[in-house]
Amino acid sequence: MTDASQAAQQFSFKAETKQLLNILIHSLYKDREVFLRELLSNASDALNRLRFEMVTNRKILDPDSELRIHIRVDKEARMLIIQDTGIGMTRDEMIENLGTIAQSGARKFLDATRDQKVDVAKVIGQFGVGFYSVFMVAEWVRVTSHSFDPEAEAVSWHATGDDNYQIERAEMNERGTRIEIRLKEDAAEFAEEFRLKNIIHKHSDYIGFPIFMGEGKEAVNRQTSLWRTSRQEVTGEQYREFYRQTTLDFEDPLMHIHMVTDAPVQLYALLYIPAKLERGVFSLRKDDGLKLYTRNILIDEYNKDLLPDYLRFVQGVVDSEDLPLNVSRETVQSSGLMTRLRKVLSNQVIKELENLAKNDTEKYQTFWREFGVYLKQGIASNPADAETITPLLRFKTNLAPETWSSLDQYVSRLPDGQKVIYYIVGEDSKSILRSPHLDYFHSQGTEVLLLTDPMDSFMLMGLHKYQDYELKNVAQADVNVTRKPKDEPEVEKIAEADFQSLVELFKKTLDERVVDVRASNRLYQSVARLTDADANANPELQRVYKYLGREYEIPKKVLELNPAHVILKKLLKLESGSDLQNIVIEQIYDSALLVEGIHPDPSSMAPRVQQIIEAALSRQNQKNE
Ligand code: ADP
Ligand code: MG
């Protein structure tokens, strides 16, 4: 054995991996039994990958050997051996997978566990370093592997958890990977079959390959994957654990959806809605998409075709017998099967959300706060689905600013005969309530939806009607004001001739900045408001452009004045053309821009506001003298 490739070769772990190993070896974790789950999940991954390979590749070592996992123990020697007939590893793959690439996962793991809140043993698998959890229980570990590639030679990897590992050629004829573990003295329990069986039932029951133990002829796990198991047999904790493992999320999901259907397509699905939109900063699973299996074989890790874009926050697994094994994306898509799968899945998700809204309002509100923005986007981007999505929308209103109302609830509160749903668009729910556009509606006790989310403007482009009700922006000039305000005493208006001179004053001062100045019959508390000159103007589109940061000049507006407002009456009494008169006019205009959310430079108002304060104070002083 003089050949260099046959001699043992020593490698050093990278810095963060060393640190990780050091932590795992020297701490006592009550959940250290999960090391078995990690090793079995790796074996299952390896078997899955082999099965996938068998579909496309004919050159496979031992093509007829059974896909299985075998566990053996030797209590005396404190040995635990786990062997699979999976895809195996070549020498290079071993160095890469068990040495090099662990580095980034190790770093993230160290960062995430520094704040001690997470249970180290529980989450280690979520960082792509699950294999190393074996060092919670091992004195030393030897991994011997023979790749499925018939050309490859068997190799072994040996480590004691210190800074180095050795690689050397090995004797192993069969395909797959064998992991030999010499257990620490205080971990001897893991060389007992009944203890191992218990752990398997707890964490690895649903692995889709048989796990044999010792001389036993029957598999110790139930083998059906969780999503193929009937709902009655799955516990809440099993659903949650599966979620954590598949999504790499630390938190429990908001809800799960477990489906089995036979028509119009055959499918199993286990879908989850996460509790939060934000994925943990340390999460490895950065991309969206569902795991797609056909007949238990994973064919796509991040499938984005199974659900419409606006449901992309949904996580989980879909498995269909109807999909061809040899799937290229194109064939699946053109087969029309994908469309059917997508329809069945999205209908079910929507239905479950409707049920949630009905049965657990509070939970639904949590959902809405986190994911509502996706549904709004769905209305904008998938007009065909708007009708389905709309009942899921929730709004705050001027009359119920603290609660979330559905459009159904809004409509049920309408007075007889009103066939319009009113809404107002603005920056935030506080300032929007002060908008002059609401004056008339407040005075009538009319309910108006408050739309303050940037996505609302996009949503409105696809939402013009709900049932027979037309949606209308209160800022639009053509809102038909016929009724007198309730309990509002008739306030004397400025005489027509005087009002005309006031209009001239405003026009002279504001000049090019407005297209017109005129009286409004809709204002009560407010002095003025800005409206679009063109009744067909699209304020939503204006906003959309603003949010998209497009070069877009907001069209000039009409300034409408309240002919009964005390400020205007007093303004008339000031000396014509005086400084004070001018700055008050400027300020009225600026304030109107501000509540509209279209003031280009609000801080520019500060010096003028100061002038107005000074003027007010000096008047007060004159009076007092
Ligand atoms: P992860 O499973 O998240 O990738 P692990 O630390 O559990 O991270 O495993 C690291 C890598 O080692 C795996 O991605 C795989 O490539 C390889 N590996 C581990 N166990 C086996 C096995 N039994 N058969 C083949 N490859 C394995
Ligand atoms: Mg793993």
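Phe52 passes every criterion in (1) aromatic (Phe, Trp, Tyr); (2) under 19 Å from Val141 (Cβ atoms); (3) more than 12 Å from ligand 1 (Cβ to nearest atom) apart from (2).
Of the listed requirements (1) in contact with an Asp or Glu (Cβ under 8 Å, 6 or more places away or on another chain); (2) open to solvent by 70 Å² or more (accessible area, probe 1.4 Å); (3) not basic (Lys, Arg), Thr56 misses just one: (1).
Scanning region 148-177 for residues that are open to solvent by less than 50 Å² (accessible area, probe 1.4 Å), more than 19 Å from Phe11 (Cβ to Cβ) and either within 12 Å of ligand 1 (Cβ to nearest atom) or without any contact (Cβ under 8 Å) to a residue 12 or more places away in the chain (or both) yields Phe148, Arg175, Gly176.
Answer yes or no as to whether Glu33 is over 30 Å from the mean Cα position of the chain (by Cα) and within 17 Å of Tyr132 (Cα to Cα). Answer is yes for this residue. From the residues in region 73-91 that are under 17 Å from Ser145 (Cα atoms) and of a type outside the set (A, V, I, L, M), which one is surrounded by the fewest Cβ atoms within 10 Å (Cβ to Cβ)? Across region 73-91, the extreme among qualifying residues is Thr90. Screening region 429-441 for residues that are outside any loop (DSSP other than H, G, I, E, B) and in contact with a strand residue (DSSP E or B) (Cβ under 9 Å, 6 or more places away or on another chain) and picking the one that is most open to solvent (accessible area, probe 1.4 Å) gives Ser429.
Only residues that are in contact with a Leu (Cβ under 7 Å, 6 or more places away or on another chain) and away from ligand 1 (no atom under 14 Å from the Cβ) were counted across region 81-122, and they come to 1. For region 123-140, does any single residue satisfy the condition of being more than 11 Å from ligand 1 (Cβ to nearest atom) and among the hydroxyl-bearing types (Ser, Thr, Tyr)? Looking through region 123-140, none of the residues is more than 11 Å from ligand 1 (Cβ to nearest atom) and among the hydroxyl-bearing types (Ser, Thr, Tyr). Looking at Leu407, Leu356, just one residue is closer than 23 Å to Glu278 by Cβ, modelled with pLDDT of 95 or more and open to solvent by less than 50 Å² (accessible area, probe 1.4 Å), and that residue is Leu356. Contact map, region 40-68: residues that are within 16 Å of ligand 2 (Cβ to nearest atom) paired with residues that are among the acidic types (Asp, Glu), Cβ distance under 7 Å, separation 6+ or inter-chain. Pairs shown: Ala43/Asp84; Ala46/Asp84; Leu47/Asp84. With the condition kept exactly as written, say whether any residue in region 92-106 is surrounded by fewer than 19 Cβ atoms within 10 Å (Cβ to Cβ), away from ligand 2 (no atom under 16 Å from the Cβ) and touching a residue at least 24 places away in the same chain (Cβ under 8 Å). Yes, region 92-106 has at least one match.
Within region 595-610, is there a residue that is outside any loop (DSSP other than H, G, I, E, B), at pLDDT below 90 and crowded, with 18+ Cβ neighbours inside 10 Å? Yes, the conditions are met somewhere in region 595-610. Given the criteria over 19 Å from the mean Cα position of the chain (by Cα), of a type in the set (A, V, I, L, M), at pLDDT 90 or above and in a loop (DSSP other than H, G, I, E, B), does Ala219 qualify? Against the criterion (over 19 Å from the mean Cα position of the chain (by Cα), of a type in the set (A, V, I, L, M), at pLDDT 90 or above and in a loop (DSSP other than H, G, I, E, B)), Ala219 qualifies.
Against the conditions (1) among the small types (Gly, Ala, Ser); (2) more than 12 Å from ligand 1 (Cβ to nearest atom); (3) within 17 Å of Arg175 (Cα to Cα), Ala43 satisfies every one except (2).
For region 189-199, state whether one or more residues are among the charged types (D, E, K, R), open to solvent by less than 50 Å² (accessible area, probe 1.4 Å) and farther than 23 Å from Ala46 by Cβ. So far as region 189-199 goes, yes, one or more of its residues are among the charged types (D, E, K, R), open to solvent by less than 50 Å² (accessible area, probe 1.4 Å) and farther than 23 Å from Ala46 by Cβ. When restricted to residues that are open to solvent by 10 Å² or more (accessible area, probe 1.4 Å) and within 16 Å of ligand 2 (Cβ to nearest atom), region 131-143 contains 1.
Of the residues in region 144-153, none is within 14 Å of ligand 2 (Cβ to nearest atom), hydrophobic (A, V, I, L, M, F, W, C) and at negative phi.
The values are calculated or read from the model by the stated rules, or taken from the named source; none is laboratory data. Predicted model only: the values in this text are computed from it and were never measured. So basically every Cβ, Gly included, is an ideal-geometry build from the backbone, and we count neighbours across all protein chains shown. Only protein heavy atoms, including side chains, enter the accessible area calculation; ligands, DNA and RNA are left aside. Shrake-Rupley method; radii C 1.70, N 1.55, O 1.52, S 1.80 Å.
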